[in-house]
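Have a look at the structure below, then the notes.
The values are calculated or read from the model by the stated rules, or taken from the named source; none is laboratory data. If you're wondering where the values come from, they're calculated on a predicted model, not measured in any experiment. Quick reminder, even Gly has a Cβ in these numbers, built from the backbone with ideal geometry, and neighbours come from all protein chains shown.
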Amino acid sequence: MEKRQLVIIGSGPAGFTAAIYARRAGLETLILEDALWGGQVNNTEEIDNYPGIRTISGIDLASAMREHAQDLKAEMRNCRALSLSLEDDEKIIRTDKGDIAADAIIIATGATNSKAGFKGEDEFSGRGVSYCSVCDGPLYEGLPVAVIGGGNTAVEEADYLTHFASKVCIIHRREELRAGSMAAERAKANPKIEMILGWVPEEIIGEEMVRGIKLRNLKSGLKKEIPAEGVFVFVGTTPNAAFLQGSGIDVSGKGWIKTDEMMETSVEGVFAAGDVREKFLRQVVTAAGDGATAAMAAYEYISSQLYLKSTLFGPERAVALFISSIDSDHLALAKEAEDWAKSGGDRIITIDGHRNIRIRNKLGVQELPAIIEMRNGKKTREANPSSLDGIKNFCKR
Ligand SMILES: Cc1cc2nc3c(=O)[nH]c(=O)nc-3n(C[C@H](O)[C@H](O)[C@H](O)COP(=O)(O)OP(=O)(O)OC[C@H]3O[C@@H](n4cnc5c(N)ncnc54)[C@H](O)[C@@H]3O)c2cc1C
């Protein structure tokens, strides 16, 4: 089976940024992409909030990111990741074009906005129909807009839009909002927000750009038109993470991938970046930031794995001292052990057990400082020395 050090699934801003950082760190990197190189930005007319670039078309940003990764010799392949097999230390990506093994994986598969399904929704997307108020809200300064949806996101985004729009109509199919009481009360108290409950959007009015929207009352069948220069749809966003089912990676109730601050998922060596992960703000700049962190964390993971494989798990016999790098007594003990090794004592590998929780868990090391003996990749003995004499006694046996 073919193998790479790092495989990145998805080529949006998160995936491409990860590839750029990974290549600059010297990792052998393969990016898999199922659709358009560059991800969601390809559907964005203009991006006006990426620092340093006053305005750029989504397509231009996508191709600039691709060229950047290409120049750094990141390998790219058009294929779809179907599932991950993450048993023991072996990580395999099953794709529609064969299986690929990897030392580390970054999942950067983004998210998909659900459509409300009214006439003109696709046709006017980017010309008045939007799925992102942070991206497009400022375009509607002093103009009326409509928000479709009644959940928390819809209501909170409507509230945000009142900073720009002259009026925001929330259109929701039910007679009551689905949003939690606090968000709903805040929206109701906002004089710029009008609730149009029990109505559904039918069709966009406009020629070049959106000018309004036709609505239908679900009970009476009555129809009406309201003026709106922008129609913001918030009826749900789905993480592109269904292919992870059965992989053992922890996801939230709604399917977003859970990560720590290093972007690492619940499975060691598997990272997630960008819109697909559970996070506060889904934007190009945050996806890029996640990608950078994930790549450097993957680099650190791969190098420490290689180091541990060759020093701790590989040799016939190895001794390791686990200390806590935030404890000065532990640091002094590690220094004494190092000096003793230099003067002819046993070679001892020092591991920061405070940071390397996973390796500690793997080897069942609970209390620090701890010294362990490994034979042919298996732990054979453990002790908790408080002095150099304790270490010497352990090594003597
Ligand atoms: C209409 C619109 C306008 C926007 N405007 C702005 C804006 O102005 N400013 C801003 O900052 N943000 C904007 N955003 C949000 C921004 O585009 C996203 O936050 C960003 O693209 C997320 O990047 P990502 O890399 O996480 O995912 P994505 O860009 O979604 O990329 C994920 C990639 O993974 C691929 N993929 C998915 N599943 C698989 C699989 N199984 N195998 C292989 N490949 C797979 C997808 O095809 C896709 O190319 C906008 C979004 C939309 C939809």
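Find the residue count for the range 214-230, including only residues that are surrounded by 15 or more Cβ atoms within 10 Å (Cβ to Cβ) and either touching a helix residue (DSSP H, G or I) at 6+ places or on another chain (Cβ under 8 Å) or within 14 Å of R173 (Cβ to Cβ) (or both).
Residues meeting the conditions: 4.
Hey, can you tell me all the residues within the range 93-120 that are of a type in the set (D, E, K, R) and part of a strand (DSSP E or B)?
Answer for the range 93-120, where residues must be of a type in the set (D, E, K, R) and part of a strand (DSSP E or B): R94, D99, D103, K119.
If you check every pair at least six apart or on different chains, which have Cβ atoms under 9 Å apart with a residue in the range 305-330 that is of a type in the set (K, R) first and a residue that is in a strand (DSSP E or B) second?
Short answer, once both residue conditions are applied: R317/E373; R317/M374; R317/R375; R317/T380.
Can you find, within the range 126-150, the residue that is modelled with the highest pLDDT among those that are within 9 Å of the ligand (Cβ to nearest atom) and in a helix (DSSP H, G or I)?
Residue satisfying both the conditions and the ranking: D136.
Which of the following residues is among the acidic types (D, E), buried (at least 17 other Cβ atoms within 10 Å of the Cβ), closer than 17 Å to T237 by Cβ and modelled with pLDDT of 95 or more: E157, E121?
Selected residue: E121, the only one of E157, E121 that is among the acidic types (D, E), buried (at least 17 other Cβ atoms within 10 Å of the Cβ), closer than 17 Å to T237 by Cβ and modelled with pLDDT of 95 or more.
Every residue in the range 246-274 that is surrounded by fewer than 22 Cβ atoms within 10 Å (Cβ to Cβ), within 15 Å of the ligand (Cβ to nearest atom) and assigned to a loop (DSSP other than H, G, I, E, B), please.
G246, S247, I249, G255, W256
Condition first: crowded, with 18+ Cβ neighbours inside 10 Å and out of contact with any Cys (no Cβ under 6 Å at 6 or more places or on another chain). Now tell me which residues in the range 93-112 satisfy that.
Hits for the range 93-112 are I93, I100, A102, D103, A104, I105, I106, I107, A108, T109, G110, A111.
Looking at R178, R174 in this structure, which one is more than 15 Å from the ligand (Cβ to nearest atom) and either under 22 Å from C132 (Cβ atoms) or surrounded by 14 or more Cβ atoms within 10 Å (Cβ to Cβ) (or both)?
Residue meeting the stated conditions: R178.
Table: residues versus (1) part of a strand (DSSP E or B); (2) touching a His at 6+ places or on another chain (Cβ under 9 Å).
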{"residue": "E338", "(1), (2)": "no, no"}
{"residue": "I349", "(1), (2)": "yes, no"}
{"residue": "H354", "(1), (2)": "no, yes"}
{"residue": "I359", "(1), (2)": "no, no"}
{"residue": "I371", "(1), (2)": "yes, no"}
{"residue": "K379", "(1), (2)": "yes, no"}
{"residue": "N393", "(1), (2)": "no, no"}
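Just to check your reading of the model, which residue among V200, V235, V285 is more than 30 Å from G52 (Cα to Cα) and not in a loop (DSSP other than H, G, I, E, B)?
Just one listed residue meets the conditions, V200.
Would you mention how many residues in the range 4-28 are among the hydroxyl-bearing types (S, T, Y) and either outside any loop (DSSP other than H, G, I, E, B) or over 15 Å from T95 (Cβ atoms) (or both)?
2
Does E123 qualify as being within 30 Å of R216 (Cα to Cα) and either free of Cβ contacts under 8 Å to residues at least 60 places away in the same chain or assigned to a loop (DSSP other than H, G, I, E, B) (or both)?
Spelling it out, E123 is indeed within 30 Å of R216 (Cα to Cα) and either free of Cβ contacts under 8 Å to residues at least 60 places away in the same chain or assigned to a loop (DSSP other than H, G, I, E, B) (or both).
Results for (1) aromatic (F, W, Y); (2) touching a strand residue (DSSP E or B) at 6+ places or on another chain (Cβ under 6 Å); (3) surrounded by fewer than 18 Cβ atoms within 10 Å (Cβ to Cβ), shown as yes or no for each residue.
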site	(1), (2), (3)
D290	no, no, no
A298	no, yes, no
S303	no, no, yes
L308	no, no, no
L333	no, no, no
K342	no, no, yes
R355	no, no, yes
R360	no, no, no
S387	no, no, yes
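Yes/no per residue for (1) away from the ligand (no atom under 11 Å from the Cβ); (2) surrounded by fewer than 21 Cβ atoms within 10 Å (Cβ to Cβ):
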site: A18; (1), (2): no, no
site: I31; (1), (2): no, no
site: G38; (1), (2): no, no
site: D60; (1), (2): yes, yes
site: A69; (1), (2): yes, no
